[in-house]
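The values are calculated or read from the model by the stated rules, or taken from the named source; none is laboratory data. All values reported here derive from a predicted model rather than from experimental measurement. Cβ: placed from backbone, ideal geometry, glycine included. Neighbour counts: every protein chain shown. With ligands, DNA and RNA removed, areas are computed over all heavy atoms of the protein, side chains included. Shrake-Rupley method; radii C 1.70, N 1.55, O 1.52, S 1.80 Å.
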Amino acid sequence: MAVQRKQKTEQFQQGNGVPITTTTTRRRSERIRMMMTSSSNDASSSSSSSFPTRTISLKQEQENKMGRISTEDTATKGASSNKNKRSKNASHEDNDNKEDDTATPAVKRNKKTKDSSNNKEKHKTSSRKNIASEKETVHFETDIKECLPRTREKELRLAHNIPNLQVIGIDEAGRGPLAGPVVAAAAIIPTDIPGVMDSKKLTKEEDREALFDQIISSPNARWSVAIGDAGRIDEINILQATLECMRNAANGVMNVPLTGQSDSIIGRREMEASSKYSGCYIVCGINDEHGMPIDLNNFERVNQVTFAKYYALIDGNRCPKDMPCETESMVKGDSREYAIAAASILAKVTRDRLMREYDAMYPEYELKRHKGYPTSAHMACVKKFGASPIHRRTFAPLKHMSFDNEGRIIVNEGAD
């Protein structure tokens, strides 16, 4: 039975073309199976690996396509932004309106609030500038129109119960210089003249000159200027010479002497202050209601403007003795009271005019430049040329020097 089955198997295998040997057949079949398996695996692996590659290529194509689209969009946006910039430069307001249209309501509200605040700030800034300019203009106009008040003058009229009380302002100029006269002025000026203030604050000479002319030509003005030369200063010292001039000026306002006539109290009266006059003298003036000067040699006309009651206000802390009326001193009165300020202008301008005349007489001292004050330039001229007739020999350093008859220095004992 076993032999028969073996024979049938071999025949069957021969009929199918399979080797007769069983072992060989088995090996061949296993080799074929392995080849088929490997081929199927290769096929499956190749088939499965091709789709992901294709999928990646599709993604790449999509990304490349999207990239081209985004690039085109970027270029479009760049062109539009450049266009917007150009339109913004051309019309800033149109762009603001476009931005407002595209902005959200919250952004619009914030922008409106910011714009309104900016407009308010601009309005405030412009308002502040306008107010500042208005203040500057008003201040400038006030400087032109202002004058010192008559505070004490009004108080005196009320205290004395005399509405027609004539308050005389008195001040001096030229106490400190090394050369030239000392000058005191007394003034009754009923008219308020714009710009009348302390003469030391009027730095421009032309302003002082203009005010001088206005003061002496004002309606119902009454004024007097007293001059004391260097010889009188050396004789009684500068303080006493100053007080004497103040007293003489007050007397000149109240009691006008004849022209050229010497008075035992106030000296002589001249028509004008001039370098051709020496010694002590006064110059006076009285105006009518139109500002026209009255002839002082006409007693009847002068007596018509003579008043019964006078009161003097003097700048400083001392009053002269033997004043012709009741008097009080006022420290810094030339910057506080109108009448004193008017007198200070008269005294200052009168002395400056005299010093310009002296400069023409003694040009080597440059008196026009320093008005006789002891500047370094003036002291150098004194050391070089000696002392002139208008120099005060009792003032240092001249008092330490000896001079000949022509004023030249002989011995310099203590000068620097």
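Can you find even one residue in the range 308-323 that is open to solvent by 40 Å² or more (accessible area, probe 1.4 Å) and of a type in the set (S, T, N, Q)?
Taking the range 308-323 first, the residues open to solvent by 40 Å² or more (accessible area, probe 1.4 Å) are 308-309, 317-319, 321-322.
Next cut, of a type in the set (S, T, N, Q) only: 317.
Taking every residue of the range 308-323 in turn, at least one turns out to be open to solvent by 40 Å² or more (accessible area, probe 1.4 Å) and of a type in the set (S, T, N, Q).
Of all residues in the range 332-353, those being within 17 Å of R175 (Cα to Cα) and either of a type in the set (K, R) or surrounded by fewer than 24 Cβ atoms within 10 Å (Cβ to Cβ) (or both) number 6. How many residues does the range 201-226 contain that are free of Cβ contacts under 8 Å to residues at least 60 places away in the same chain and of a type in the set (D, E)? Looking only at that region, the number is 3.
Would you mind stating whether E357 is at negative phi, open to solvent by 30 Å² or more (accessible area, probe 1.4 Å) and not small (G, A, S)? Walk me through how you get there before you give the answer.
Values: at negative phi: yes; open to solvent by 30 Å² or more (accessible area, probe 1.4 Å): yes; not small (G, A, S): yes.
Yes, satisfied.
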